[in-house]
Amino acid sequence: MLEKLAKILIEKNLVISTSESCTGGLLSSMLTDVSGSSSYTKLNFVTYSNEAKHEILNVDNEILNTYGAVSFECAKAMAEGLMARTNCDVALCTTGIAGPTGGSLDKPVGLCYISCKYKDKTTVKQINLDPALERCEMKKQFAQNAVKLALSILQ
């Protein structure tokens, strides 16, 4: 899956950037595990806090205060802000709750929003994983789902 995404990025001469919250840099690490990744990966961020999302990605504080960091609205704003900040071709972002604590009834552990902006379209996908998964496994699955989303958009 990673090799397939890398091949498409290289063939189409596209640059991808990431901004991650719940995956903490794992997505960026996965993308750079493929040889030749320096041709398509230029700038990635771990925007774990609301302040980082606001200061680095220009996510409006109103979005963060109204919907929260783990929301469709925040994920969309993250991708749009990332593209504006980095001038990338593909902006791929994650924001969610990897647990084992921190969830709520409305936003349970295992909830993640993945956003991908390509050209003029921003796609946001909601992922709900089993909250009993261990944190590291949850992060891995969130990152894998982000790769799948980018792949489906670029194919």
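Which three extents, in angstrom, do the Cα atoms of the chain have along their principal axes, listed largest first?
Projected onto its principal axes, the Cα set of the chain covers 44, 32, 21 Å.
What do you get for the angle between helix 135-154 and the principal long axis of the chain? Use alpha-carbon atoms, 0 to 90 degrees, nearest ten.
With rounding to tens, the tilt is 50 degrees.
Which value, in nm² and rounded to one decimal, describes the direction-averaged projected area of the C-alpha convex hull of the range 76-155? Write out the running numbers ahead of the final one.
Values: hull surface 21.6 nm².
For the Cα atoms of the range 76-155, the hull's average projected area reads 5.4 nm².
So for the chain, averaging the separation of alpha carbon pairs under 8 Å that are six or more residues apart and normalising by length, what relative contact order in percent results?
25 percent
Ranked by Cβ crowding within 10 angstrom, fewest neighbours first, how are MET1, MET78, MET138 ordered?
The fewest-first ordering by Cβ neighbours comes to MET1, MET138, MET78.
Based on the Cβ-Cβ distance from LYS12 to SER35, what FRET efficiency comes out when R0 is 30 Å, to the nearest 0.05?
Efficiency at R0 = 30 Å is approximately 0.95.
Roughly speaking, what is the stretch gain from GLU134 to GLU62, that is 0.36 nm per residue apart minus the C-alpha to C-alpha distance, in nm to one decimal?
Gain on extension, GLU134 to GLU62, equals 22.7 nm.
Exposure proxy check: THR47, THR101, THR123 ranked by fewest other beta carbons within 10 Å?
Going from least to most buried by this count: THR101, THR123, THR47.
Give the longest segment of the chain that steers clear of trypsin sites (Lys or Arg not before Pro) in DSSP loops with at most 13 neighbouring Cβ atoms within 10 Å, not counting the sites themselves.
13-118
Bear in mind that the values in this text are calculations on the coordinates, not laboratory data. Computed from a predicted structure; not experimentally measured. Note that we place each Cβ from the backbone using ideal geometry, even for glycine, and neighbour counts take in every protein chain shown.
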